[in-house]
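K.L.:
Quick one: this structure, given as structure tokens, is what I'll be asking you about.
Every number in this text was worked out from the coordinates using simple rules, so none of it is lab data. Note that the structure is predicted; figures quoted are calculated from it, not measured. Positions of Cβ are backbone-derived with ideal geometry, glycine not excepted, and every protein chain shown enters the neighbour counts.
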Protein chains: 2
Amino acid sequence: MTVTIVDIAREVHMTHGTVSRALRGSQQVSRETRKLIQQTARKMGYMPNSLARSLRTRSSNTIGIILPSDVQMEVLQERVAATARLAHQENLDLMTYYNWPEEHPYQRAVHSLRSAQVAGLIVSHMCEPTLPEALKDWVDEDRPIIFLTDYGRESFNMIDTDRVEGFRLATEYLVGLGHRKLSIVLPWWDGPTPSPNVQVRLEGFRKGLQEAGLPYSPERVITYKAMIEEGMTEAMRRLVDSPDRPTALLTYNDNAAAACIQELAKLGLKVPKDISVVGFNDSSISRRNLIPITTLAQPVEEMARITMRKLTDMVRGEGAKRFPSVLCPPKLMIRETTAGLGP
Amino acid sequence: MTVTIVDIAREVHMTHGTVSRALRGSQQVSRETRKLIQQTARKMGYMPNSLARSLRTRSSNTIGIILPSDVQMEVLQERVAATARLAHQENLDLMTYYNWPEEHPYQRAVHSLRSAQVAGLIVSHMCEPTLPEALKDWVDEDRPIIFLTDYGRESFNMIDTDRVEGFRLATEYLVGLGHRKLSIVLPWWDGPTPSPNVQVRLEGFRKGLQEAGLPYSPERVITYKAMIEEGMTEAMRRLVDSPDRPTALLTYNDNAAAACIQELAKLGLKVPKDISVVGFNDSSISRRNLIPITTLAQPVEEMARITMRKLTDMVRGEGAKRFPSVLCPPKLMIRETTAGLGP
DNA sequence: CTGTTAGCGCGTTCAT
DNA sequence: ATGAACGCGCTAACAG
């Protein structure tokens, strides 16, 4: 059926050992036989069995990547695609596992990927601020791993956009436009502390206010119930009715920004004339919205490059198994949902 | 380092053969020893090496999926995620290859995935109307394969949204609203015939017109240069200046629809008062656009189910290696970019 | 019921 | 420069 090195060996009247060496370009096999073997291999349509190779060499050339299957994030997919291209250039394969939130998150994913003998792991979407149990073993064994999501300050091996810097930058920009009454619109959190995703945004916002010498108070934060369809509707109504209505809004991401703008329009507020709005992600909706949304672009390509470099280093045993997290600054994309204050 | 079945065998004073059987739940091993072995396996943190298993059984439980890395398609990613979830339920792994267009498309992808001994292939984004050379061998060998993209009528093993029906349905809907002057906005094609992606849309449009008893003429088709930023700008200007301006527009997809609406607004035309616009895909931009876009939703979950069922059948040798393509009807999502004609 | 043995395809060490 | 032989971890066929 499929042609193996023994088939080739039989064809050229040699042993499969020689064929193996020749195909790997070993110097200790004569030039002629090497050429002969390589030619016949091609002629016979030989294709190496990477399973057997990995089994023998005890090292695989595939890396596992764990993605969330519940949330759809355009930018995450861009990152994955960019990373994958670089991986393919290094002759690395990608085994994807779409993680479905369950009682033991990541457990099935890690189990499956371990069985497949992946050489490294790329993990996205840490919902929890703490390392999941299933990943703990992997980390403790000092196996190569990289996290794609900014899930807290005390993290390591994480490569992501610096959201604190992003929201600080956006605040600075709005203040520069003359705005003094800023608010940030964030999904509501149940527990005593907001989720890391919310926290970093808030931190950047506060930092920006502080640098501008503007006071921060909890009233500057407008929350909405994320899962409920009317969450944003209700939040914007609250905002419009508030005694000290803000003139500029930071939002969780572009989708939230677009939802904001929809609701504000229904309430009779024009963006950006009456109120400015900034999104996050530079996703297609920010570019194609009827009013293109001012937003922050994640440095996707750059992060992909760093990710692959770190990962290949680790897989080859060249780099340290742990490194301090890398945060890349986003880029402000000024479009049409932000404007200076009217006269 | 890693614990294998021989380690377990040593632990329970048996041979690895027995351990292998016990772990697979074979009936021909006593209940007690089976329990004992399974417990010690868990205790020792055993994890099967699926490479070795696949090598031995000559059958792998991973399926390859080839995706385009250049175009970002939200709906495609949704399909992949949905399919992946079902695959994982069947204990199938997914090896992803992000195809980068080059001189020999799919060649590196197929090579890589073949080496990994994937049991089946899922292929998206057939740019060409004809089967790529690299996939021809795979098909000729009757290996399991499924195509995700509607690339022509004479195809097989393809599962996708029925775009002809979608555009017919949209046309029918617009005609039902009272529109008589419809146009379709499509990316420009260089060759003598449009690309399959364009062709199916055009076909649906013509079908819809015909059923409504409305005449079709080439002037009903408005083309724009897809890669050029100003393509849509120029196309919409042409549209507005045309002597017999249409009152309703079908577009390539939601992004194109949003771009249309942006440009029409710049030219002073209000959607939907002056002109109706229909998109395609039900992507987030259609939902979150300042004016939510009427569009057609692809039956993502349904297609994922069919895909996995067909694929698992093929992989298990239960189903035929070729089946007639399956086209699933999209669903019309009526939102706010379409309206009846004014009095 | 359990032990023994033989590979799956490949890389590699030890001879020659 | 090439051959012979072993083993990676696992399944399966054959004994007993």
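K.L.:
Considering the convex hull of the alpha carbon atoms of region B:40-120, report its projected area averaged over all viewing directions, in nm², one decimal. All intermediate terms of the calculation are to be shown ahead of the outcome.
P.N.:
Numbers: hull surface 27.9 nm².
Here the figure is 7.0 nm², rounded to one decimal.
K.L.:
While we're looking at this one, here's another question. Dipole magnitude of region B:1-106 about its Cα centre, charges +1 at Lys/Arg Cβ and -1 at Asp/Glu Cβ only, in debye to the nearest 20?
P.N.:
Magnitude of the dipole: close to 1020 debye.
K.L.:
Residue by residue through region A:103-120, which ³J(HN,Hα) values in whole Hz follow from phi under the Karplus form 6.51 cos²θ - 1.76 cosθ + 1.60 (θ = phi - 60°), with glycine and proline marked x?
P.N.:
4, 10, x, 6, 5, 4, 4, 5, 4, 4, 5, 5, 4, 7, 6, 5, 7, x
K.L.:
Another question, then. Name the residue farthest towards the positive end of the dipole of region B:163-298 from the options B:184, B:292, B:279, assuming +1 on Cβ of Lys and Arg, -1 on Cβ of Asp and Glu, about the Cα centre.
P.N.:
B:292
K.L.:
Using a 10 Å cut-off around each Cβ, can you sort A:111, B:125 from fewest to most neighbouring Cβ atoms?
P.N.:
Lowest count first: A:111, B:125.
K.L.:
Whole number please: convex hull volume per residue of the Cα set in chain B, in Å³? Kindly include the intermediate steps, with their values, before the conclusion.
P.N.:
Details: hull volume 61.0 nm³, N = 343.
Spread over its residues, the Cα hull of chain B gives 178 Å³ apiece.
K.L.:
Oh, and also: Where both partners of a DSSP beta bridge lie in the protein assembly as shown, what percent of those bridges are antiparallel, to the nearest 5?
P.N.:
Among the beta bridges of the protein assembly as shown, antiparallel pairing accounts for roughly 15 percent.
K.L.:
Under 19 Å from the Cα of residue B:35, which aspartates and glutamates turn up, not counting those fewer than eight places away in the same chain?
P.N.:
In chain and number order, the partners are B:7, B:11.
K.L.:
How large is Rg over Rh for region B:1-69, taking Rg from the Cα atoms and Rh as the Kirkwood inverse mean of 1/r across Cα pairs?
P.N.:
1.12
K.L.:
I would also like to ask the following. Take region A:150-207, drop everything but the C-alpha atoms, weight them equally and run the Debye formula without solvent; then report log10 I(q)/I(0) at 0.13, 0.14 Å⁻¹ to two decimals.
P.N.:
Results for region A:150-207 at q = 0.13, 0.14 Å⁻¹ read -0.38, -0.44.
K.L.:
If you don't mind, there's one more thing I want to ask. Which of the aspartates and glutamates could a cross-linker span from residue B:270 if the Cα-Cα distance has to be under 17 Å and same-chain partners fewer than 8 positions apart are dropped?
P.N.:
B:241, B:336
K.L.:
If you don't mind, there's one more thing I want to ask. Pairs of Cα atoms under 8 Å, at least six residues apart: use those to get the relative contact order of region A:5-46, whole percent.
P.N.:
That works out to 39 percent.
K.L.:
What is the mean projected area of the alpha carbon convex hull for region B:63-193, to one decimal in square nanometres?
P.N.:
That works out to 10.4 nm², a quarter of the Cα hull's surface.
K.L.:
Taking chain A as a Gaussian network, where each spring joins two C-alpha atoms under 10 Å apart, which residue of A:182, A:36, A:92 fluctuates the most?
P.N.:
For chain A, modelled as a Gaussian network with Cα springs under 10 Å, the answer is A:36.
K.L.:
Just to confirm the filter: which GluC sites (Glu not before Pro) across region B:273-339 are DSSP coil and have at most 12 other Cβ within 10 angstrom of their Cβ?
P.N.:
B:318
K.L.:
Which residue, A:88, A:16, A:179, tops the fluctuation ranking in a GNM of chain A built on C-alpha contacts under 10 Å?
P.N.:
A:16
K.L.:
Please report the projected area of region A:202-343's Cα convex hull averaged over all directions, in nm².
P.N.:
Its Cα hull, projected and averaged over all orientations, spans 11.3 nm².
K.L.:
Follow-up question, since we're still on this one. Which of B:134, B:306, B:67 sits farthest toward the positive end of the charge dipole of the protein assembly as shown, with +1 on the Cβ of Lys and Arg and -1 on the Cβ of Asp and Glu?
P.N.:
Towards the positive end, the residue furthest out is B:134.
K.L.:
From the alpha carbon gyration tensor of region B:120-263, can you work out the equivalent ellipsoid semi-axes (sqrt of 5 times each eigenvalue) and give them in Å, largest to smallest?
P.N.:
Working: eigenvalues 206, 64, 30 Å².
Largest first, region B:120-263 gives 32, 18, 12 Å.
K.L.:
Send over the per residue convex hull volume for region B:1-145, Cα only, as a whole number of Å³.
P.N.:
Measuring per residue, one finds 149 Å³ for the Cα hull of region B:1-145.
K.L.:
Determine the dipole magnitude for region A:15-75: charges of +1 sit on the beta-carbon of Lys and Arg, -1 on that of Asp and Glu, nothing else is charged, the reference point is the Cα centre, and the result goes in debye to the nearest 20.
P.N.:
For region A:15-75, the charge dipole is close to 640 debye.
K.L.:
What ranking of B:79, B:238, A:21 emerges when the number of other C-beta atoms within 10 Å of each C-beta is taken as an exposure proxy, fewest first?
P.N.:
Listed from fewest to most nearby Cβ atoms, that is B:238, A:21, B:79.
K.L.:
Diagonalise the Cα gyration tensor of region A:202-266 and give the resulting equivalent ellipsoid semi-axes, square root of 5 times each eigenvalue, largest first, whole Å.
P.N.:
22, 14, 11
K.L.:
Hey, another quick one. Going by the alpha-carbon gyration tensor, a ≥ b ≥ c the square roots of its eigenvalues, is the protein assembly as shown rounded (a/c under 1.5) or, if a/c is not under 1.5, prolate (a/b greater than b/c) versus oblate?
P.N.:
Judged from the Cα gyration tensor, the protein assembly as shown comes out oblate (a/c at least 1.5, b/c at or above a/b).
K.L.:
May I ask which of A:273/B:273; A:266/A:331; A:181/A:225; A:181/A:266; A:136/B:43 have a Cα-Cα span longer than 19 Å here? Please report the intermediate quantities before stating the final value.
P.N.:
On the way: A:273/B:273 23 Å; A:266/A:331 30 Å; A:181/A:225 23 Å; A:181/A:266 22 Å; A:136/B:43 17 Å.
The answer is A:273/B:273; A:266/A:331; A:181/A:225; A:181/A:266.
K.L.:
With a 10 Å cut-off between alpha carbons and a GNM built on chain A, which of A:86, A:290, A:135 moves the most?
P.N.:
Of the options given, A:290 has the highest mean-square fluctuation.
K.L.:
With unit charges on the beta carbon (Lys/Arg positive, Asp/Glu negative), name the residue among A:16, B:242, A:100 whose Cα is farthest towards the positive pole of the charge dipole of the protein assembly as shown.
P.N.:
A:16
K.L.:
How far is residue B:242 from itself in the other copies, in nm, if each label sits 7 Å out from Cα along the Cα-Cβ line, shortest first?
P.N.:
Copy-to-copy label distances at residue B:242, shortest first: 4.7 nm.
K.L.:
A further question on this structure: Cross-link partners among aspartates and glutamates for residue A:321, C-alpha distance below 12 Å, same-chain residues fewer than 8 apart left out?
P.N.:
A:140, A:141, A:142, A:313
K.L.:
Report ³J(HN,Hα) in whole Hz for each residue of region A:176-189, in order, from the Karplus equation J = 6.51 cos²θ - 1.76 cosθ + 1.60 where θ = phi - 60°; Gly and Pro get x.
P.N.:
After applying 6.51 cos²θ - 1.76 cosθ + 1.60, I find x, 7, x, 6, 10, 10, 9, 9, 10, 9, 10, x, 5, 10 Hz.
K.L.:
If you don't mind, another one. For region A:163-298, with only Lys/Arg (+1) and Asp/Glu (-1) charged at the beta-carbon, what is the dipole magnitude about the Cα centre, in debye rounded to 20?
P.N.:
Rounded to the nearest 20 debye, it is 280 debye.
K.L.:
Among A:4, B:15, A:251, which comes first, then next, by fewest other beta-carbon atoms within 10 Å?
P.N.:
B:15, A:4, A:251
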